[in-house]
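Please treat every number below as a calculation from the coordinates, not as lab data. Note that the coordinates shown come from a computational prediction; the quantities given were computed from them, not determined experimentally. Reconstructed Cβ throughout: ideal geometry from the backbone, glycine too, with neighbour counts over all protein chains shown.
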């Protein structure tokens, strides 16, 4: 009687018919050849049809500025920035100061800004300050910083680079994330060349008007820190000229340094660049976000244990958690509002503070996001729950 085989050579590739297994070799060969060709064609139709349907229903890119506004992450913005972003994908960057061998939760605000920037279809760039880290940023500081040696600086840079790679998408594409180091363009730039080619474009009056300088006039500020804004400004100019960087972002305490960059671009090349900042996050009681009585909360599990890191978020007040859920997650506005409403109805359940290690509608809470991105913490928290 022979064996039965599948035959998808019918008019409808989705149907399956059974036919007798041919007895002679020549007919068998032809039948199998037809079967293979039709099976391949059927597979291609099955694969490409959902792809075509998915392409037709892809959501429109999000508006980055509107995204920051509803999340409470927009402080200052230069006129024309939103219009520039609406024209298509843009490169934007944020600088990270390598004063420690780990980023802290305070840095997460800027990391999330880059993450939201990438999700809106733009290309995020993280600048690690191999050069500016040797100078020290006076912004928000009341005293002179201790300068790091080159060896320690390199250790810090490598550690922070690895942490940034856990949050941003570096796969090839129009929104591929990048990491750059400003030491690469400053290492062969002599002091005389810098003050001749860059310094002549900025006046002392302009530089002294910056808030970061004004706050230090009574206690004193060294020439090293006074010149920091010019060094950071040149970063923006270099990236604008060589990488077509249109936007610099940062915390609101960086507004003066960032606008020095846009002004330098205008004065040196007659070009145009843009800037925006995020507000500095403070807790409801007015204390600084990211610090406890025990000191800074770090992303490195060696510096801050997973348990302490977990407790930092768990111990957040309701008011703070309503703020954090907007800033430190990728949840949609509708989901955030639903979760906040559910929390207000049953505050004793602490829905905003408790992470869910099981699949749930709200798995993208701040704790969940960080557990997904930071595997050592995720593993440690799971082990901790099992022990309990």
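Structure above, values below:
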quantity: Per-residue Cβ neighbour rank within 10 angstrom, fewest leading, 262, 113, 338; calculated: 338, 262, 113
quantity: 157, 349 arranged by Cβ crowding within 10 Å, fewest neighbours leading; calculated: 349, 157
quantity: Inter-part distance where segment 74-88 and segment 163-202 are each reduced to a Cα centre, Å; calculated: 22 Å
quantity: Surface/4 estimate of mean projected area, convex hull on alpha-carbon atoms of segment 159-232, nm²; calculated: 7.9 nm²
quantity: Using a Förster distance of 22 Å, the FRET efficiency for residue 215-residue 194 (Cβ separation, nearest 0.05); calculated: 0.30
quantity: Overall form of segment 213-306 per C-alpha gyration tensor (a/c, 1.5; a/b vs b/c); calculated: prolate
